[in-house]
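The structure under discussion appears below in the form of structure tokens.
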Amino acid sequence: MMEEVKETSALSVHGHNIKVTEVLQDGDALTFIIVSQKLSGTGEYHVDRTYDDFEWLQQHLFSQEDVPGIQGVIFPPLPAKPQVNASAKTMKQLGFLGLGEWQPHCKALETFLRQVASHGILSKNKAVEIFLTSSDAPGRQRVKKNIFNRLSQAVEELRKEGHKDVDKFFQDERDHNLVLTGCSKNIAERFLDMVLTEQKIAVACGHFSAALHLCVEPGEDPNTQAFSKVCVKLSDVFESMKKNMMSVAENNVNTLGLGLDLESRYQEAEKEMLFRRTCKLVEVETARRNTEKAKPVKKAAMEEVQKTAEMEFDHICEVAKQEIAQLKGVRVKLLQQALVQWCEKQLLTAKESADQFNQHLQAFRGMAY
């Protein structure tokens, strides 16, 4: 079992080359194989991790309350837990991650690890190095507290969510994020509906292909033989249509689908960060009012509380501005990559399908009646 994680250390792997190569399934248990290239260039680390291990890592990232400005960090969002034999309701909640066996989950977890490992603050946490390089499984100890404990408490005070900001930059960002959060979620849901429809069409084509074989009859009658031959050829066409539509749906999931899903989860992550900062703003304003109202005997103590709160708030704002600027660049890059991959995959599929359908057309033209 791994030791309790407290101190920080630098990573010994290339963060941008981390890969989740496969999933091992044992009943309802899933194990993800993670490969990281050593900075020394002498080899690779191969470790196996469960989803609980990913949650262990995330909790340690959340628990860094002693790091100045940590509440201004936009934490890379951990994908939802994969479900074996999931119900229809759970599959709907998983969205794109519930399609295509376990490949979408591997890609989503791989992106999560790469974003954590390339983060200037989070990558320094010793838990990241341990997670990526240790052959032992992470410990199951619970982290006593983290910044999200305070967040969950603050959620009860809904007035903070609409609290007027003192900084126009952050007020505009909050308004912008509110719109984008809804839009990104909506477009991801609509794209998922399209993929599900494509899968249904593929299934229908497969059923019709099988049904056409039922029309095939034995016999010496020329008309019967001709009709049976046409049914067989048509069955082949619809089987090709099924494979084409399945490929299109799979391409949609593994490229733009996962890109839209990540965009939606990152918007939620930014929203959480902005809310944490707003909560801290309310805390600073409360400290200032308390200082103004404090009696002389308590004035010095209250001023010290105010000073500490203001320093923490300034650190959070500084980190938050850097995070927002970086996120915008990363978001554009990731969406661009998803769109390019989507176009390349669909063009390749379309070319292969066109060649196949042309073969079917020539076969029909060559049929003699």
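For this structure, a couple of remarks:
- Sequence-separation-based contact order of region 226-338, relative, with Cα cut under 8 Å and 6+ spacing, percent: 35
- Straight-line cross-link reach from Lys168 at under 19 Å between alpha-carbon atoms covers these aspartates and glutamates, not counting any fewer than eight positions away in the same chain: Glu270, Glu272, Glu283, Glu285, Glu310, Asp314, Glu318, Glu323.
- Crossing angle, helix 222-252 versus the chain [Cα axis fit, 0-90 degrees, rounded to tens]: 10
- Annotation: extensible slack from Leu178 through Phe227 equals 11.6 nm (criterion: 0.36 nm per residue apart, minus Cα-Cα distance).
- The protection proxy used here, the mean number of other Cβ atoms lying within 10 Å of each residue, ranks peptides 120-126, 197-203 as follows, highest first: 120-126, 197-203.
- Residue of Asp355, Asp165, Asp53 that the Gaussian network model of the chain assigns the largest fluctuation, springs spanning Cα pairs under 10 Å: Asp355
- Note, ³J(HN,Hα) from phi for region 188-201, Karplus 6.51, -1.76, 1.60, rounded to Hz, x at Gly and Pro: 5, 5, 5, 5, 5, 4, 5, 5, 4, 5, 4, 5, 5, 5
- For the chain, size of Cβ-based charge dipole, Lys and Arg +1, Asp and Glu -1, in debye: 980
- Taking a Cβ cut-off of under 15 Å around Leu180, the surrounding Lys, Arg, Asp and Glu residues balance to a net charge of -3, with basic ones at +1 and acidic ones at -1.
- Ranking Gln356, Leu11, Gly182 by Cα position along the charge dipole of the chain, where only Lys, Arg, Asp and Glu carry charges on their C-beta atoms, puts Gly182 farthest toward the positive end.
- C-alpha long axis of helix 51-62 to longest principal axis of the chain, angle in °: 30
- Furthest towards positive pole of dipole, His207, Ser235, Thr224, structure part region 192-263, Cβ charges: Thr224
- Using a Förster distance of 25 Å, the FRET efficiency for Leu327-Val282 (Cβ separation, nearest 0.05): 0.60
- In plain terms, the chain from Phe208 to Leu361 could stretch by 53.2 nm, reckoned as 0.36 nm per residue minus the Cα-Cα distance.
- A cut-off under 13 angstrom between Cβ atoms defines the neighbours of Ile18, and their net charge, with Lys, Arg +1 and Asp, Glu -1, is +2.
- Full extension of the chain between Lys168 and Glu220 gives 10.2 nm of extra length, using 0.36 nm per residue less the Cα-Cα distance.
- Over the chain - Rg/Rh using Cα atoms and the Kirkwood inverse-distance radius: 1.13
- Cα-based equivalent ellipsoid, region 157-369: semi-axes from gyration tensor eigenvalues, Å: 66, 16, 9
- For the residue pairs Lys107/Lys321; Lys164/Lys271; Lys160/Lys307; Lys243/Lys345; Lys38/Lys124; Lys185/Lys333, the C-alpha atoms sit more than 26 angstrom apart in Lys107/Lys321.
- Length-normalised contact order of the chain in % [C-alpha pairs under 8 Å, at least 6 apart]: 21
- Sum of -39500 (n - 2.57) over DSSP H runs of 4+, divided by residues of the chain (222 nm, nearest 500): -22500 deg cm²/dmol
- Rounded Å value of the spacing that divides the Cα centres of region 175-193 and region 33-82: 26
- Around Gly366: net Lys/Arg minus Asp/Glu count, Cβ-Cβ under 13 Å: +3
- Theoretical FRET efficiency, 1/(1+(r/R0)^6), r = Cβ-Cβ of Ser40 and Ala137, R0 35 Å, to 0.05: 0.90
- In a reduced charge model with +1 at each Lys and Arg Cβ and -1 at each Asp and Glu Cβ, region 252-369 shows a dipole moment near 300 debye about its Cα centre.
- Rounded to 10°, Cα long-axis angle of helix 258-293 versus longest principal axis of the chain: 10
We did not get these values from a lab; they are worked out from the coordinates using the rules stated. Quick caveat: nothing in here was measured; it's all calculated off a predicted structure. Every residue, glycine among them, receives a Cβ derived from its backbone with ideal geometry; neighbour counts consider all protein chains shown.
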